[in-house]
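Heads up, the thing below is written out as structure tokens.
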Amino acid sequence: MDRVSDMPEILAQPADPARANDYDSFAEAYSAETENSLVNAYYARPAMLALAGDVAGRRVLDAGCGSGPLSAALRERGAVVTGIDASAGMLALARRRLGEDVALHLADLGDPLPFADREFDDVVASLVLHYLEDWGPTLAEMRRVLRPGGRLIASVDHPFVAYTFQDPRPDYFATTGYTFDWTLNGQSFPMKFWRKPLHAMTDAFTTAGFRLAVVSEPQPDPAARELFPDGFHDLSTTPTFLFFVVEVPPSAAGSDE
């Protein structure tokens, strides 16, 4: 799921953790805000698509698909896409965007995935893992549904983001939760994320049985320079998101079954 674009407002106020992350309460506003924003349309999504590369004919699970912009882009490139999200409101928007020929499932990434073993060639998880304190069970499920040689392509908040914005600064080497408000259309919505140091992220991938292939800190789309002249400089010079490609090792027999 993508991120809204105005970082100072995102981190403006403490949030009520008991009501955090209720996307159903702001699905329409969130989807509209992120559709063409600098951070989403000219940074997060292009970076995910670039890492995915040629997906024609590949079975791709969009884990945390939100209203479906990444799913739509993958489908346009020839992928056979399945989407899951924990928000019924976001899935309704995805259905409106994608039509009836894309399988969409209401599912929480903290629960077992409703798919068979080795069902997908790729899993994309755009800005979703930082909602989880413990990545272990979710990564194990993602590995289960990937075929040998399959890939997980994931993006998360850069570990320096919360470290920089929180006051007092947290212990960088600890896994810590942080809360804040997103402001959309003048309304505030409480959110809670978890930040991990880089080594904890890579350890989680390898413990789940993945092989680390790429760690990326990409630049935004150059087209954003003229569209967002002020924000482009900040985004291109400040850590924002961290991107990974991790792979399921091929089986000893080299089977793709």
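So, Leu139, is that one touching a residue at least 40 places away in the same chain (Cβ under 8 Å) and in a loop (DSSP other than H, G, I, E, B) or not? When the stated conditions are applied, Leu139 does not pass them.
Taking the stated definitions as given, is Ala200 within 18 Å of the chain's Cα centre (by Cα) and outside any strand (DSSP E or B)? So Ala200 passes the test. Within segment 150-170, does at least one residue satisfy the condition of being free of Cβ contacts under 8 Å to residues at least 40 places away in the same chain and touching a Gly at 6+ places or on another chain (Cβ under 6 Å)? Taking every residue of segment 150-170 in turn, none turns out to be free of Cβ contacts under 8 Å to residues at least 40 places away in the same chain and touching a Gly at 6+ places or on another chain (Cβ under 6 Å). Condition first: part of a strand (DSSP E or B) and either hydrophobic (A, V, I, L, M, F, W, C) or touching a Ser or Thr at 6+ places or on another chain (Cβ under 7 Å) (or both). Now tell me which residues in segment 173-191 satisfy that. Phe180, Asp181, Trp182, Leu184, Phe189, Pro190, Met191, listed by residue number.
In the set (1) outside any helix (DSSP H, G or I); (2) farther than 18 Å from Asp62 by Cβ; (3) touching a residue at least 40 places away in the same chain (Cβ under 8 Å), Ala125 fails one condition alone, (2).
Considering only residues that are assigned to a loop (DSSP other than H, G, I, E, B), over 20 Å from Ile153 (Cβ atoms) and either touching a residue at least 12 places away in the same chain (Cβ under 8 Å) or touching a helix residue (DSSP H, G or I) at 6+ places or on another chain (Cβ under 6 Å) (or both), which ones fall in segment 203-225?
Within segment 203-225, just Ala223 meets the criteria.
State yes or no: is Tyr178 of a type in the set (Ser, Thr, Tyr), touching a residue at least 12 places away in the same chain (Cβ under 8 Å) and touching a Pro at 6+ places or on another chain (Cβ under 9 Å)? Judged against the criteria, Tyr178 is a match. In the condition set (1) modelled with pLDDT of 95 or more; (2) under 17 Å from the mean Cα position of the chain (by Cα); (3) exposed (fewer than 15 other Cβ atoms within 10 Å of the Cβ), Gly110 is compliant with all but (1). Take the conditions (1) under 30 Å from Val248 (Cα atoms); (2) crowded, with 17+ Cβ neighbours inside 10 Å; (3) not aliphatic (A, V, I, L, M); Gly149 misses just one of them, which is (2). Considering segment 30-61 alone, what residues qualify as being touching a residue at least 60 places away in the same chain (Cβ under 8 Å) and among the hydroxyl-bearing types (Ser, Thr, Tyr)? Tyr30, Ser31, Tyr42, Tyr43, listed by residue number. Just one residue in the set Pro249, Pro197, Pro170 is surrounded by 14 or more Cβ atoms within 10 Å (Cβ to Cβ) and within 24 Å of Ala125 (Cα to Cα); that residue is Pro197.
Can you name every residue in segment 179-208 that is modelled with pLDDT under 95, closer than 16 Å to Leu242 by Cβ and aromatic (Phe, Trp, Tyr)? The answer is Phe193, Trp194.
The values are calculated or read from the model by the stated rules, or taken from the named source; none is laboratory data. Note that the coordinates shown come from a computational prediction; the quantities given were computed from them, not determined experimentally. Ideal geometry is used to build each Cβ from the backbone, glycine not excepted, and the neighbour counts take in all protein chains shown.
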